[in-house]
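Remarks on the structure that follows.
Nothing in this text is a laboratory measurement; each read-out follows from the coordinates by a stated rule. In this text the structure is predicted, and so the values were computed from the model without any measurement. As a convention, Cβ positions derive from the backbone with ideal geometry for all residues, glycine included, and neighbour counts pool all protein chains shown.
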Amino acid sequence: MALPKYKIKKNDMVMVIKGRDRGKTGKVMRVLPERGRVVIERLNIVKRHSKSRGAQSPGGIVEKEASINISNVMIFCDRCNAPVRVGVKSAADGAKSRNCRRCGEAIGND
């Protein structure tokens, strides 16, 4: 079975529109298409208890980013200063680019 295609990619600026971190923006660190989730830098922080694994990695409580459902985030357009939907436009030479549906500006560096 093929993995679903998403318009959100690594290094995109996104805004959380649902959940505990609603209204916050951050950069996408990882996209997990097989689970339909994204990991956003410094958002959805959870605490994990880790066991000591020798002198190199002492045990303790570690804070790290947890994944968030991809349906709960939207791409953030700098020009509109708002979360926006994304469309795809084809250039004359056949190259495709993601564009903001509100202002038409290209998003990311495809």
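Does any residue of the stretch 39-48 turn out to be among the hydrophobic types (A, V, I, L, M, F, W, C) and closer than 28 Å to Lys89 by Cα?
Step one: of the stretch 39-48, the residues among the hydrophobic types (A, V, I, L, M, F, W, C) are 39-40, 43, 45-46.
Still in the running and closer than 28 Å to Lys89 by Cα: 39-40.
Scanning the stretch 39-48 turns up at least one residue that is among the hydrophobic types (A, V, I, L, M, F, W, C) and closer than 28 Å to Lys89 by Cα.
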Within the stretch 41-62, residues among the aliphatic types (A, V, I, L, M) and either in a loop (DSSP other than H, G, I, E, B) or touching a Phe, Trp or Tyr at 6+ places or on another chain (Cβ under 7 Å) (or both) come out as Leu43, Ala55
For the stretch 53-73, give me each residue that is in contact with a strand residue (DSSP E or B) (Cβ under 8 Å, 6 or more places away or on another chain) and of a type outside the set (A, V, I, L, M, F, W, C). Ser57, Gly59, Gly60, Glu63, Lys64, Glu65, Ser67, Asn69, Asn72
Report, by residue number, each residue of the stretch 18-47 that is touching a residue at least 12 places away in the same chain (Cβ under 8 Å), under 13 Å from Pro83 (Cβ atoms) and surrounded by fewer than 14 Cβ atoms within 10 Å (Cβ to Cβ). Lys18
If you go through the stretch 63-81, how many residues are in contact with a Lys or Arg (Cβ under 8 Å, 6 or more places away or on another chain), in contact (Cβ under 8 Å) with a residue 24 or more places away in the chain and part of a strand (DSSP E or B)? 7
